[in-house]
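Computed from the coordinates by the stated procedures, all read-outs in this text should not be read as laboratory data. All of these numbers come straight from a predicted model, not from anything done at the bench. Because the Cβ atoms are built from the backbone with ideal geometry, glycine has one as well, and the counts that use them run over all protein chains shown.
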Amino acid sequence: MIEVTTPEQLGLSSVRLLKLTDWLDQQVSRGRLAGASVLVGRRGKVGYVGTAGVTDLDSGDPFSENAVVRAYSMTKPIVTVAAMMLYEDGCFQLDDPVSKYLPEFSETPVWVGGEISNVVPISSPMLVWHIMSHTSGLTYGFMQQNVVDARYRTVGLDRRGAHANLAEWTQALAGIPLICQPGSQWNYSVSTDVLGRLVEVWSGISLDQFLEERIFAPLGMVDTGFMVKTGAEKRLVTLYEPEVGAGLGGINQVPSEQRRGLKVLEKPEKSTFLAMPKVLSGGGGLVSTLADYSRFCQAMLNGGELDNFRLLSPITVRHMRTNHLPDGKDMAQMGQPVWSETSYDGIGFGLGFAVVLDPIKAAIVASPGEHHWGGAASTFFWLDPLEDLWVVFLTQLLPSSTYPLRRELRVRVYQSIID
């Protein structure tokens, strides 16, 4: 069980937190979600844990605080932290060319429109910080926006069993043109998967081994990994998608007011996460729990340390949660995904996290410097150093753009702060 402190001791209102509980219950009663959980931590302690609904509509098993979920892109910050630990070990510099460590990228050209054969040479190399900030020129196959992401699908970059290992997967990726010159645009992409391969090259061990030895075990993240741990299979949550709703990558979009219902996308007993994948996805391959991901968040909010174990220096953490987009631009100015549930006005990107630059421009209640990210199955977390606050939200509805859950959740959490 997660230890919970009286909210008032942390400057939170027990009465106002009931609005958060009601919101959770409403997501289930309205048929938006089968189940979900929320954790709110402040001033070093957990002040709220709430759960609602079930892990599976057929079984009716309660959605508990130890439910195992597909973290998907909430894998990215963890792998970026792993890379920055190796940065502190002196394994690389942020402005090193990726091709210095992965020579297959030395000849990757840039697509300029039309047929995929319409390419030009790269004008400046893809750097390590480009892949940490999603300005690398890479993309995702599920975007379905151009011939480049179509090639991703053709060669099976989005299929867990299409390649023998992460090294082979990276070789295949490097043979496909970039969609823009590195550093010129922000494009959500497989960049962190490449970073996972770099972690292997720099450390000399597999990505799963590095994460387990250097992050998960020291932080006590007992349920987090690239597959569901033995004995935890019954805690894996069913993955749903809306019966009528928004498709991943902006495909088959319908108006938000028409989105409704739930249908099964993946049952736990048939999940690919029950076995270790051949390709370890640093961009979306982990499963985790509320307690585990909270431990990671708390360590990062503490400046890289938890319970006398230090992942990173506070200086490195501060660098990661600073906007790295050129000329102080936000993501909207650099190009944003068409599938996003909201605009990225006023939101920049650091190393592994989105960063709030201007809450007014972003039209959200938040603090400048708050940093966050989420997963495709509507999971989300954020860290607010100004308020000494961290929040983790877990559910399993794909895609995350179906409903504005994250914006709604922010309101319920921030209105509960009274001191």
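Between Glu3 and Asn118, the C-beta separation translates, for a Förster distance of 45 Å, into a calculated FRET efficiency of about 0.15. About the Cα centre of the range 257-296, how large is the charge dipole given +1 on each Lys and Arg Cβ and -1 on each Asp and Glu Cβ? Please answer in debye to the nearest 20. With Lys and Arg at +1 and Asp and Glu at -1, about 140 debye. Computed on the Cα trace of the range 203-305, the radius of gyration divided by the Kirkwood hydrodynamic radius gives Rg/Rh = 1.05.
In plain terms, the chain from Asp388 to Ile360 could stretch by 8.0 nm, reckoned as 0.36 nm per residue minus the Cα-Cα distance.
Compactness ratio for the range 254-316: Cα radius of gyration over 2.2 N^0.38 Å (N = residue count) comes to 1.70. Our estimate of slack between Ser206 and Leu18, defined as 0.36 nm per intervening residue step minus the Cα-Cα distance, is 63.2 nm. Filter the cross-link list Lys229/Lys263; Lys263/Lys329; Lys45/Lys100; Lys76/Lys229; Lys229/Lys329 down to pairs whose alpha-carbon distance in this structure exceeds 31 Å. In this structure, Lys263/Lys329; Lys45/Lys100; Lys229/Lys329 lie more than 31 Å apart at Cα. Spin-label pair Glu107-Glu233: with each label point 7 Å from Cα along the Cα-Cβ axis, the two points sit 4.6 nm from one another. Annotation for Val254 and Arg318: the two label points, set 7 Å from Cα along the Cα-Cβ direction, are 5.0 nm apart.
From the largest down, the chain spans 60, 45, 45 angstrom on the principal axes of its Cα atoms.
Take the Cα of Glu88, step 7 Å toward its Cβ, do the same at Lys45, and the gap between the two points is 2.7 nm.
If you take the Cα centroid of the range 38-116 and the Cα centroid of the range 168-238, the two points sit 7 Å apart.
Let me know the shape class of the range 51-144, please: from the alpha-carbon gyration tensor, a ≥ b ≥ c as square roots of the eigenvalues, rounded when a/c is under 1.5, otherwise prolate if a/b is greater than b/c, or oblate. Because a/c hits 1.5 or more and a/b fails to exceed b/c, the range 51-144 counts as oblate.
Which residues does a label at Gln415 reach in the range 1-35, if reach means a backbone N under 20 Å from a point 7 Å past the Cα toward the Cβ? Inside the label zone: 7-8, 11-33. As a rough guide to protection, the peptides 398-408, 201-211 ranked by mean Cβ packing within 10 Å, highest first, stand as 398-408, 201-211.
Highest mean first, the peptides 314-326, 174-186 sorted by other C-beta atoms within 10 Å per residue fall in the order 174-186, 314-326.
Computed 3J(HN,Hα) for the range 54-71, one whole-Hz value per residue from the Karplus formula 6.51 cos²θ - 1.76 cosθ + 1.60 where θ = phi - 60°, is 10, 7, 8, 5, 6, 7, x, 5, x, 7, 8, 6, 9, 4, 9, 10, 6, 6, glycine and proline marked x. With contributions of -39500 (n - 2.57) from each DSSP H run of at least four residues, the per-residue ellipticity at 222 nm computed over the chain stands at -7000 deg cm²/dmol. Between the Cα long axis of helix 191-203 and the first principal axis of the chain there is an angle of about 80°, rounded to the nearest 10.
Since only Pro77, Met143, Leu127 are under comparison, the one whose Cα sits farthest along the positive direction of the charge dipole of the chain, derived from C-beta charges on Lys, Arg, Asp and Glu, is Met143.
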